[in-house]
Amino acid sequence: MSRITPSSFDAESVRSQFPVLNRELKQGRPVFLDSAASAQKPSAVIAKEREVEEQYFANAYRGRYSFGARIDEELEASRKKIASFIGAASGSQIAFTAGTTLGLNQVAFGWGRSRLQPGDEVVITPMEHHANFVPWQQLVRETGATLKMLPLTADGRLDVTAFDDVITRRTKIVAVCTMSNVLGTVNPVSDLARRAHHVGAILVADGAQSVPHSPTDVLSDDVDFLVFSGHKIYGPTGVGVIYGRADRLEEIEPIVFGGHMISRVTMDDSEWADTPARLEAGTLPIVQAIALGTAIDWVNQTGLESIHAHEQSLLAEATRRLMEIPGMRIYGPSPQYKGAIIAFRVENLHPEDLAAMLDRRGVFTRHGHHCTMPLHELLGVTATTRASFAAYNTMEDVDKLVHAIQFAREKLRLV
Amino acid sequence: MAGQVSLVQIRIMSIDELLEEFEDLLDWEEQCDFLIDLGFELPKFSADLKNEENIVKGCQSLVWLVAEPEVSDGVTVVCIRADSDSMIVRGLIAVLLAAYSEKTPQQILDLDIEALFQRMGLNQHLSSTRRNGLHGMVRRIRSIAASNCT
Ligand SMILES: Cc1ncc(COP(=O)(O)O)c(C=O)c1O
């Protein structure tokens, strides 16, 4: 992996590789600040999808003809790239899934359903995305187990001092996001994994937000499962990844049946294929899974460390500039404890009005509860406006965001 | 109460006047500013009207709506008032009030509000949550009209 120092990171040249960001809108180039929802794709990823479609598309793992063989090869290559990107030993520990949401449901129900009993506890946090909240809520209801929350500090970090009170011998599963999609908070995953293992529980990491933005090492963090989505890491929609420690992955029972997850079916019973195929029911999102490997290549070539440093410098500058705006309130800890996401409200400015006014300036943010209603309830607001940054954002984008907020304040007669 | 209502009505322009002004505007930028202006002119609800019962479901922004039948010159018309925490939604409320105010329940039920939204290009410029919210308000108004139809 090439290591470039942050100062040599050329955001303009990164940006130029993203066709959609170089469109000219009425307001100029789009200022895309919604990568936490879905990132844009570089030409390399789009070209790979085209290559597969135009040159050798076929269904996977079935065809005894050259296209099919090429597809299988490409899929396995993608698995290997993903494995090494997150520090996993082998491509066979990577199961393709539709995205973080389906992946977390597979882990929750495939691993938890047969293991949880009344009296057992599942520990999550109030900052979880609904995808890492609702499956557990449903699972404990079904099994008679209990759902517990790790408390937050006033600035939106996990309260480390409460860990030992909440994670106890009754805990069977600790499921946390590696980074909050609203507060931006980066959670101490390896510490949580250690404590979970100490009481005989497993650690499930929702990596949707952190995997695209900072290095992941599933071995040193010692997580049992890690799930993330392709579309947030400059890859296609419709594909995601479940990583499992080799023994854990074997412990997940399939919850979706049919297709190449089957090895044998009789009138009375069925047997499953080996892992990871066992967890990949139906036809895979083939083109997407292959192009996800290309997205990972792109991140590696650009340099994840330098992307991270660049995004953190945008975060620091944006935070500083936004805090100068009267009535500004940012939710979440200070930049040193978080990734490049800023959820905010401006006093007397409705978050959707704000997002609509920013749109008029070509600044694309998201408003609402961001699929974290329990967190918003805790924050005491129904909605926030969120700006999230990625490799292709520039200091100019930060500047345009600040000016667009000023524009909104003027239009809504706050100045 | 009656005084408050007439105050509202004085400020409501007819839907034809509103459309004329709206369609004279150059683009969505100006139209959005116009909606915001309407929003600023819309009278605010007092705190007691902002209760749970008056909240319109399906809106991401908070919307409170009161619609009551009133007899004026021997005919029953539906008197509608509404408020929101969003200024753009308040502008949309002003559009709805212009379309629906002083109408009999039957006239309200007969009005093709979708055609109005189409004509104003609202479906194109509003987010799906805002469109849902707008339809939530329309449903509430129509159901009140329906229950006052004779
Ligand atoms: C932290 C987190 N978890 C889960 C998800 C769900 O991801 P997906 O919609 O790709 O399934 C998201 C993204 O929306 C997220 O930010």
Leaving out ligands, DNA and RNA, calculate the buried accessible area for the pair B and A with a 1.4 Å probe, summed over both sides, in Å² to the nearest 100. 1300 Å²
Threshold 20 Å², probe 1.4 Å: give the residues of segment A:348-379, in number order, that are less accessible with all protein chains present than with their chain alone. A:His350, A:Glu352, A:Asp353, A:Met357, A:Arg360, A:His367
Chymotrypsin sites (Phe, Trp or Tyr not before Pro) restricted to segment A:219-308 and DSSP loop, no more than 14 other C-beta within 10 Å: A:Phe257
In range of the label at B:Ser127: residues from segment B:41-77 whose backbone nitrogen is under 16 Å from the point 7 Å along Cα→Cβ: B:58-63
Accessible surface, per residue, of chain B when the full set of protein chains is kept, probe 1.4 Å, Å²: 49 Å²
Check segment A:1-118 and count each lysine pair with an alpha-carbon distance under 21 angstrom, considering only pairs eight or more places apart or from different chains. 4
List every DSSP H helix in chain B whose Cα atoms extend 15 Å or more along the helix's own long axis and whose mean Kyte-Doolittle hydropathy is at least -1.0. B:28-41, B:87-100, B:128-147
Per-residue average of other protein chain Cβ atoms inside 10 Å, peptide B:83-93 -> 4
For A:Arg113, put the label point 7 Å out on the Cα→Cβ axis and report which residues of segment A:132-152 keep their amide N under 12 Å from it. A:139, A:142-143
Could you check how much of the accessible area of the protein assembly as shown is carbon and sulfur, as a whole percent, using a 1.4 Å probe? 50 percent
With +1 at each Lys and Arg Cβ and -1 at each Asp and Glu Cβ, the charge dipole magnitude of the protein assembly as shown around its Cα centre, to the nearest 20 debye, comes out at 960 debye
Write out the GluC sites (Glu not before Pro) in segment B:58-114 meeting two conditions: DSSP loop, and at most 14 other Cβ atoms within 10 Å of their Cβ. none
Residue-normalised value, i.e. accessible area per residue, for segment A:46-300 at 1.4 Å probe, in Å², stands at 38 Å²
Longest exposed-site-free window of chain A, the sites being GluC sites (Glu not before Pro) in a DSSP loop that have at most 16 other C-beta atoms within 10 Å: A:25-323
Would you be so kind as to identify which of A:Gly259, A:His213, A:Val176 lies farthest towards the positive end of the dipole of segment A:138-264, taking Lys and Arg as +1 and Asp and Glu as -1 on Cβ and the Cα centre as origin? A:Gly259
Provide a list, ordered by number, of residues in segment B:15-39 showing at least 30 Å² less accessible area with every protein chain present than when their chain is taken on its own, using a 1.4 Å probe. B:Glu29, B:Asp33, B:Ile36
Amide H partners (placed H, <5 Å) of A:Thr146, local residues excluded: A:Gly119, A:Asp120, A:Glu121, A:Val122
Roughly how big is segment A:46-300's charge dipole about its Cα centre, with Cβ charges of +1 (Lys, Arg) and -1 (Asp, Glu), in debye to the nearest 20? 120 debye
In whole angstrom, how long is each semi-axis of the equivalent ellipsoid of chain A, when you take the square root of 5 times every eigenvalue of its Cα gyration tensor and sort them from largest down? 35, 28, 18
Remind me, what semi-axes does chain B give for its equivalent ellipsoid, largest first in whole Å, using sqrt of 5 times each Cα gyration tensor eigenvalue? 23, 17, 16
Using a basic spin-label model with each label point 7 Å from the Cα along Cα→Cβ, how many nm lie between A:Thr168 and A:Phe257? 3.8 nm
Using the crude model of +1 on Lys and Arg Cβ and -1 on Asp and Glu Cβ, and no other charge, please compute the dipole size for segment A:150-284 relative to its Cα centre, in debye to 20. 260 debye
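The values are calculated or read from the model by the stated rules, or taken from the named source; none is laboratory data. Model, not experiment: these values are computed from the prediction. Methodologically, a virtual Cβ is constructed for each residue, glycine included, from the backbone with ideal geometry; neighbour enumeration extends over all protein chains shown. Note: accessible area is taken over every heavy atom of the protein model, side chains too, but ligands, DNA and RNA are not part of it. Shrake-Rupley method; radii C 1.70, N 1.55, O 1.52, S 1.80 Å.
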